[in-house]
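Every number here is computed from the coordinates shown, using simple stated rules; none is lab data. Everything quoted here is computed from the prediction, not taken from an experiment. Here the Cβ positions follow ideal geometry from the backbone for every residue, glycine too, while neighbour counts run over all protein chains shown.
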Amino acid sequence: MNISVVGTGYVGLVVGACFAETGNTVCCVDIDRNKIERLKRGEMPIYEPGLDSLVERNQKEGRLSFATELAGAVGAAEVVIIAVGTPPGEDGSADVQQVLDVATVVGRHMARETVVVVKSTVPVGSSPRIAKAVAGKARFPFHICSNPEFLKEGDAVEDFMRPDRVILGVESPYARRVMSELYAPFVRTGKPIIVMDIPSAEMTKYAANGMLATRISFMNEIANLCDKLGANVDMVRKGIGSDSRIGSSFLFPGPGYGGSCFPKDVKALVKMGAENSVALDVLAAVESANERQKRLLVNKLRCALGNELEGRRVALWGLAFKAGTDDMREAPSITLVEELLHEGVSICAHDPAAIEHARVLLGNRIDFAETNYEALVGADALVVVTDWNEYRHPDFERVKRTLRQPVIVDGRNLYDVEKMRELGVRYHSIGRPSA
């Protein structure tokens, strides 16, 4: 098929490259000329494992192209996929103006019967507005499809190529046939294509992210209670995760969730509930719990350093909101840095992928290290914020020698408590005994 993807962010670029990989002709369009020129040269604007080789191979073989002009790309397309941002407004609601603007241009320039696929996360009930925007300029039949994405940053390519399920919100047999054919190569192992009405597909996206965010915040609160009662959250996690009704995913405690999806989607769900007189108390509590959790590591550090933070120097390992990505959006590290700076702490941070984004966000208010060990020089404590693989098995003797004192605050529970005790490290993690 001939496909146009509008937007080359985390979603659009992965979607375009993966559809090209299965033999489709794909043009990815973005108004950012600099980004498009970089992509044409094979330079990735985002860090996503496996994506660079996918883009390079499909561009070389002529299946994947990049452009800034939407008109030509839409005119040649059988399927147009809208994957632009829906940023949160001040009240928490999702701003769909970019989606509507693209829909208007699609309607003006499509040159044949077209399936218009909404990949952007839009509030439930948005499809009539999108259809109206297309219809205002359209001269050919079109079909709206809601096709929410469930990609984990850091595993996005694998998630797309081998999805747990594909959700299609359609209202015509034509759209169902075209989209089912498009996704057929990705579900050959028997994973389902679930077809439903458009509002249900839109809600499925929000409900999935709301549930996952709830599990994270729930486990963080259980871990905090474990701290007070002397229980070990690792044992608790194994105990409840082995229950088939619960499962083990998203039960690892940490410094709070971040990224481009969970924070804004939870806020948007709460806002949708308020607008429709439905109190979503659980999700409102999830959001509040997550904001509290982002400040937990400051309290842990204060306890580890004897309540005195002013004038201290701290090393941070990890800045991205999770391992496998350079995304700093809503990252717990940002809250941690701001709190520490307010306390008069100087900071040196390392991250394998997110340093450039961090420089833009934080400027010269903190120092950045080329290596994780370099960040330790002159530091009174190490705080582990992101669970990158290279932080999992460090040279602890080198860590001890380099730090001014052997203090580690582990926000990801990467290290064994007994080993830290044997090494003589003052060790604080989340929901486990301190050493």
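Using alpha carbons only, the radius of gyration of the range 205-292 set against its Kirkwood radius gives Rg/Rh = 1.01. What residue among Phe252, Leu296, Met1 has its Cα farthest toward the positive end of the dipole of the chain, where the charges are +1 on Lys, Arg and -1 on Asp, Glu, each on the Cβ? My answer, from the dipole projection, is Met1. For the range 2-196, the gyration tensor built on C-alpha atoms gives a rounded shape. Its axis ratio a/c (a ≥ b ≥ c) stays under 1.5.
Report, please, the projected area of the range 10-56 averaged over directions, based on the convex hull of its C-alpha atoms, in nm². All intermediate terms of the calculation are to be shown ahead of the outcome.
Working: hull surface 12.3 nm².
Taking a quarter of the hull surface, the average projection is 3.1 nm².
Bridging of Lys132 to aspartates and glutamates at a Cα separation below 20 Å is possible for Glu78, Asp95, Asp101, Glu113, Glu171, Asp197, Glu202, once same-chain residues fewer than 8 apart are set aside. How much net charge surrounds Pro88 when only other residues with a Cβ under 13 Å from its Cβ are counted (Lys, Arg +1; Asp, Glu -1)? Cβ neighbours under 13 Å give a net charge of -2.
For the chain, give the share of DSSP beta bridges that are antiparallel, in percent and rounded to the nearest 5; count only bridges with both residues there.
Values: 2 of 45 bridges.
Given both bridge residues lie in the chain, the antiparallel proportion sits at roughly 5 percent.
Taken one residue at a time, the phi angles of the range 116-133 give Karplus couplings (6.51, -1.76, 1.60, θ = phi - 60°) of 9, 9, 9, 8, 4, 7, 10, x, 4, x, 7, 4, x, 5, 5, 4, 5, 5 Hz. Gly and Pro are set to x. Please go through the residue pairs Lys35/Lys191; Lys191/Lys271; Lys119/Lys271 and name each one whose alpha carbons sit more than 29 Å apart in this structure. From the list (Lys35/Lys191; Lys191/Lys271; Lys119/Lys271), the Cα-Cα distance tops 29 Å for Lys35/Lys191; Lys191/Lys271. Rg over Rh for the range 207-360 works out to 1.00, both radii taken from alpha-carbon positions and Rh defined as the Kirkwood radius.
Listed values for the range 90-99 are Karplus-derived 3J(HN,Hα) couplings in whole Hz (6.51 cos²θ - 1.76 cosθ + 1.60, θ = phi - 60°), namely 4, 8, x, 6, 7, 8, 9, 4, 4, 5, and x replaces Gly and Pro. Here the peptides 173-184, 241-252 are ranked by packing, the mean other Cβ count within 10 Å, and the order with the highest first is 173-184, 241-252.
How would you classify the range 319-403 from its alpha-carbon gyration tensor, with a ≥ b ≥ c the square roots of the eigenvalues: rounded for a/c under 1.5, else prolate if a/b is greater than b/c, otherwise oblate? Please list the in-between numbers first.
On the way: a/c = 1.82, a/b = 1.20, b/c = 1.52.
Cα axes put the range 319-403 in the oblate bin.
Restricting the calculation to Cα atoms, every distinct pair contributes to the Kirkwood radius of the range 79-158, found to be 13.3 Å. The fraction of all Cα pairs in the chain landing in successive 20 Å bins from 0 to the largest distance is 24, 51, 23, 2, given as whole percents. Each semi-axis of the equivalent ellipsoid for the range 152-236 is √(5λ) with λ an eigenvalue of the Cα gyration tensor; in descending order they amount to 37, 16, 9 Å. Taking every DSSP beta bridge that has both ends in the range 2-196, the antiparallel portion is near 5%. Karplus-based coupling profile of the range 153-166, in residue order and whole Hz: 4, x, 9, 5, 4, 4, 4, 6, 6, 9, x, 5, 6, 10, with θ = phi - 60° in 6.51 cos²θ - 1.76 cosθ + 1.60 and x standing for Gly or Pro. Direction-averaged projected area, Cα convex hull, the range 287-327: 4.1 nm², rounded to one decimal. Sequence-distant contacts, meaning Cα pairs under 8 Å at least 6 residues apart, place the relative contact order of the range 154-261 at 23 percent. Oblate is the label for the range 350-395, because a/c, from the alpha-carbon gyration tensor with a ≥ b ≥ c as root eigenvalues, is 1.5 or above and a/b does not exceed b/c. The distance from the alpha carbon centre of the range 383-421 to that of the range 248-326 is 21 Å, rounded to a whole number.
Think of each Lys and Arg Cβ as +1 and each Asp and Glu Cβ as -1; about the Cα centre, that makes the dipole of the chain roughly 480 debye.
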